[in-house]
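Bear in mind that the values in this text are calculations on the coordinates, not laboratory data. Note that the coordinates shown come from a computational prediction; the quantities given were computed from them, not determined experimentally. When we count neighbours, we look across all protein chains shown, and the Cβ atoms used for this are built from the backbone with ideal geometry, even at glycine.
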Amino acid sequence: MSTNVSFGQNSRFKMGWIILLVIAALMTLGHFGLIFFFMDERVLFAGLASSSLYAFLVIYLLFRRGEKWAWVVTWTLPALAFLIAVTNPSLAIYYYGVAAVCVLGLLLTMRDFFSQSR
């Protein structure tokens, strides 16, 4: 027996999902590119690129399916941006903005994950 579940079909969910997907992709590409420009911090940027890539894959594959754990795991993306902002004041405004946009994307999708109609 198959059930047809229409998850995430409203425009609010799609907008939040696209915001998160774009931010994760840009963070992945940006940190990957920085590996080649800052040789002294190569390991740090490789770790940031890999964690951003993991977030991108979770958002792209599982988040849009409506997996509740994927919504919770996606909070690592704004947490990562916030931690970078706290530890590096010269880049703080950029990463605080990234964290705020990620939180906006997560809040836009929250109703679809935790509504009683699911």
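As an exercise: evaluate His31 against (1) farther than 17 Å from Met110 by Cβ; (2) over 10 Å from the mean Cα position of the chain (by Cα); (3) surrounded by fewer than 20 Cβ atoms within 10 Å (Cβ to Cβ) and give the number of the one condition it does not meet.
Answer for His31: the failing condition is (3).
Please determine whether any residue of the range 17-38 is part of a loop (DSSP other than H, G, I, E, B) and not aliphatic (A, V, I, L, M).
Step one: list which residues in the range 17-38 are part of a loop (DSSP other than H, G, I, E, B), which gives 38.
Imposing the further condition that a residue be not aliphatic (A, V, I, L, M) reduces the set to 38.
Yes, the range 17-38 contains a residue that is part of a loop (DSSP other than H, G, I, E, B) and not aliphatic (A, V, I, L, M).
Looking at the range 63-82, which of its residues are without any contact (Cβ under 8 Å) to a residue 24 or more places away in the chain and within 12 Å of the chain's Cα centre (by Cα)? Quick ask: steps written out before the conclusion?
Of all residues in the range 63-82, those without any contact (Cβ under 8 Å) to a residue 24 or more places away in the chain come to 67, 69-70, 72-73, 79, 82.
Matches in the range 63-82: Ala70, Val72, Val73, Ala79.
Within the range 30-48, how many residues are free of Cβ contacts under 8 Å to residues at least 12 places away in the same chain, within 21 Å of Tyr60 (Cα to Cα) and of a type outside the set (Gly, Ala, Ser)?
Count: 0.
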